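To keep things clear, I will list the structure first and then write my remarks on it.
The values are calculated or read from the model by the stated rules, or taken from the named source; none is laboratory data. Model, not experiment: these values are computed from the prediction. Because the Cβ atoms are built from the backbone with ideal geometry, glycine has one as well, and the counts that use them run over all protein chains shown. Note: areas computed on protein heavy atoms with side chains; ligands, DNA, RNA excluded. Shrake-Rupley method; radii C 1.70, N 1.55, O 1.52, S 1.80 Å.
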Amino acid sequence: MIDKTVANVTEACKGVSDGMTFMLGGFGLCGIPENAIAQLVKLNVKNVTCIANNAGVDDFGLGLLLQKHQIKKMISSYVGENAEFERQMLSGELEVDLIPQGTLAQRCQSAKAGIPAFYTPAGYGTEVGEGKESREFNGKMHLLEHAFKADFAFVKAWKGDTAGNLIFKGTARNFNPNMAGAAKITVAEVEELVPAGTLDPNDIHVPGIFVQRIFQGEVYEKRIEQLTVRKK
Amino acid sequence: MALSKEQIAQRIAQEVKNGYYVNLGIGIPTLVANFVRNDIEVEFQSENGILGMGPFPFEGEEDPDLINAGKQTITALKGASLFDSATSFAMIRGQHVDLTILGAMEVSQNGDIANWKIPGKMVKGMGGAMDLVASAENIIVAMMHTNRAGESKLLKTCSLPLTGVNCVKKIVSNLAVIEVIGGKFKLIERAPGVSVSEIEAATEGDLIIEGKIPEMKF
């Protein structure tokens, strides 16, 4: 099997530089590449564009990059939980492209699959559609949306093997499989890295061909954003 | 009396039919799950990647890897399935989801909906709302009939940035059940004890009133 392993997060993030475009998996704080984010903060790369469904919270997730003003532009669908984000956006320090969540997912998936553009009804007749090509199919109007172009995709899985095969757990899957393979280099971090041949091929969610580098993250905080429980 | 948020959810739950796949938005729509009859089978979809979403976990059993689109910890029912975001929106765009219930800041009489942005004030993003309203055939809006200042939120034309056009079919507000038909609002039911004239006064858009309007039943 082709070995995709790198020793650690430092090796995994080699080649990142100022002005690049990154994709980051996760929904809220669920399934985010915690170790890669910490490394991007450490490397202090500037003027980056981040494609991620959300922007983290003030002191975790992508909020950590926002605090240090590393992000020039965010492409997201929902950014409600981050006060610093809202401040930077309203003051004009941060460029923000808010796009429909399904369009975000499909622009990743299309980039991964070599589809340069696609039509979707989402956002037609709204400000999302302004300046975009539109076309009628089956009596309904659609917008032309383009596949993303990104330098790095940082994804997080539950288990992975040295061949880069990935398995996710729960709703931590979200955008991660759509972003894996959608950038020039895909970096996968996993909670448990095992030798190729250990995982059942039937269970693989993302085949290793979509992953260039894989490593086991040192620690995972897995912070819960909204703890909601029932009494026993 | 105007309905409470729970009562709005309770009335909407009557629209949920056996065999439906249902997507619930954040806020009042989330409460609908609590009022669906036990003798019918439905599956709740959350667009972050689960079908067969269950109630909140018991204290101490929460899993950070299992949340809903509101980022709340949830459980997965027996028979649930998990999937990626592109697959989730294939379910939505591909019209495999039977019913979408979501909140709104404004709805217009031609079925336009605004619920994602107040320019200069609240800019949180649309999340999955634009995909949902653009594709769903069956959309019910849960909302307050008026804002805090008493101004109607059922308008001739929306003043806020739109989430979708010509898409809302039914509204359940704290005052009434209203259908959007032929570019107008049509009054279907009244909240118990709320008069037709009160609803008329709270509705800026054109309101069709035909015959005697029954009270909602719970």
Exercise for the section: Please report, as a whole percent, how much of the solvent-accessible surface of the protein assembly as shown comes from carbon and sulfur atoms (probe radius 1.4 Å). Expected result: 50
Problem - Antiparallel bridge percentage (DSSP; both residues within chain A; nearest 5) - result: 30
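If you place +1 on the Cβ of every Lys and Arg and -1 on the Cβ of every Asp and Glu, how big does the dipole about the Cα centre of the range B:116-218 come out, in debye to the nearest 20?
Once rounded to the nearest 20, the dipole reads 280 debye.
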Fill in the blank from the handout: For residue B:147 and residue A:1, extending 7 Å from Cα along the Cα-Cβ vector and measuring point to point gives, in nm, a value of 5.7
Completion exercise
The answer for the net charge of residues other than residue A:227 whose Cβ lies under 15 angstrom from its Cβ, with Lys and Arg +1 and Asp and Glu -1, is -3
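Accessible area per residue for the range B:131-218 in Å², computed with a 1.4 Å probe and the full protein assembly in place, what is it?
44
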Fill in the blank from the handout: Expressed in µm² per second, the diffusion coefficient of the range B:5-208 from the Stokes-Einstein equation, with Rh the Kirkwood radius over alpha carbon pairs, at 37 °C and 0.692 mPa s, is 188
Completion exercise
With label points set 7 Å from each Cα along the Cα-to-Cβ direction at residue B:81 and residue A:59, the distance between them in nm comes to 4.1
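For residue B:82, what charge total do you get from the other residues with a beta carbon under 14 Å from its beta carbon, if Lys and Arg give +1 and Asp and Glu give -1? Don't skip to the end; give the middle numbers.
Details: positive: A:169, A:173, B:78; negative: A:203, B:43, B:47, B:63, B:65, B:84.
Net of charged neighbours comes to -3.
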Handout entry: Between B and A, accessible area buried - total, square angstrom, nearest 100, 1.4 angstrom probe
Key = 4300
Problem - Most mobile of A:72, A:14, A:184 in a GNM of chain A (Cα contacts under 10 Å) - result: A:14
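Within a 10 angstrom radius of each residue's Cβ in B:118-126, how many Cβ atoms of other chains show up on average? Whole number is fine.
On the way: counts 0, 1, 1, 1, 2, 8, 9, 14, 11.
Mean number of neighbouring Cβ atoms from other chains: 5.
Averaged across the residues of B:130-139, what count of C-beta atoms belonging to other chains lies within 10 Å of each residue's C-beta?
6
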Handout entry: Positive-end residue of B:110, B:51, B:79, charge dipole of the range B:5-208 with Cβ unit charges
Key = B:110
Problem - Normalised alpha carbon radius of gyration of the protein assembly as shown [divisor 2.2 N^0.38 Å] - result: 1.01
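With charges set only on the Cβ (+1 for Lys and Arg, -1 for Asp and Glu), what does the dipole of the range A:9-216 come to about its Cα centre, in debye to the nearest 20? Present the calculation step by step, with values, prior to reporting the outcome.
Working: 19 positive and 23 negative charges, 90 e Å.
The dipole of the range A:9-216 has a size of about 440 debye.
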Exercise for the section: Would you compute, from DSSP H runs of 4+ residues alone, the mean residue ellipticity of chain A at 222 nm, taking -39500 (n - 2.57) per run and dividing by the full residue count, rounded to the nearest 500? Expected result: -5000 deg cm²/dmol
Handout entry: Percent of beta bridges antiparallel (DSSP, the range B:5-208, rounded to nearest 5)
Key = 55
Exercise for the section: For the range B:35-76, just list the percent of Cα-Cα distances falling in each 5 Å bin from zero outward, please. Expected result: 5, 23, 31, 20, 14, 7, 0
Problem - chain B: most fluctuating residue of B:136, B:13, B:90 per GNM, C-alpha cutoff 10 Å - result: B:90
Handout entry: Dipole magnitude of the range B:5-208, debye to nearest 20 (Cβ charges: Lys/Arg +1, Asp/Glu -1, about Cα centre)
Key = 580
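Measuring with a 1.4 Å probe in the full set of protein chains, what accessible area per residue, in whole Å², belongs to chain A?
Numbers: 9640 Å² over 232 residues.
Here the residues of chain A average 42 Å² of exposed surface.
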Completion exercise
Which of A:46/A:73; A:14/A:149; B:121/B:153; A:159/B:124; A:72/B:124 exceed 22 Å between C-alpha atoms? The answer is A:159/B:124
Handout entry: HN-Hα J in Hz across the range B:189-205 - Karplus 6.51, -1.76, 1.60, θ = phi - 60°, x for Gly and Pro
Key = 9, 10, 5, x, x, 9, 7, 4, 5, 4, 5, 4, 5, 8, 10, 6, x
Exercise for the section: Could you work out, residue by residue across A:26-38, how many beta carbons of other chains sit within 10 Å of that residue's beta carbon, and then give the average as an integer? Expected result: 3
Fill in the blank from the handout: Out of B:117, B:169, B:156, a Gaussian network model of chain B with alpha-carbon springs under 10 Å gives the largest mean-square fluctuation to B:117
Completion exercise
Taking Cα pairs closer than 8 Å and at least 6 residues apart, the relative contact order of chain A in percent is 24
Practice task
Rank A:100, B:42, A:188 by how far each Cα sits towards the positive end of the charge dipole of the protein assembly as shown (+1 on Lys, Arg Cβ; -1 on Asp, Glu Cβ) and give me just the farthest.
Solution key: A:100
Completion exercise
Quick shape check on the range A:9-216: root eigenvalues a ≥ b ≥ c of the Cα gyration tensor, a/c under 1.5 is rounded, otherwise prolate if a/b tops b/c, else oblate, and it reads oblate
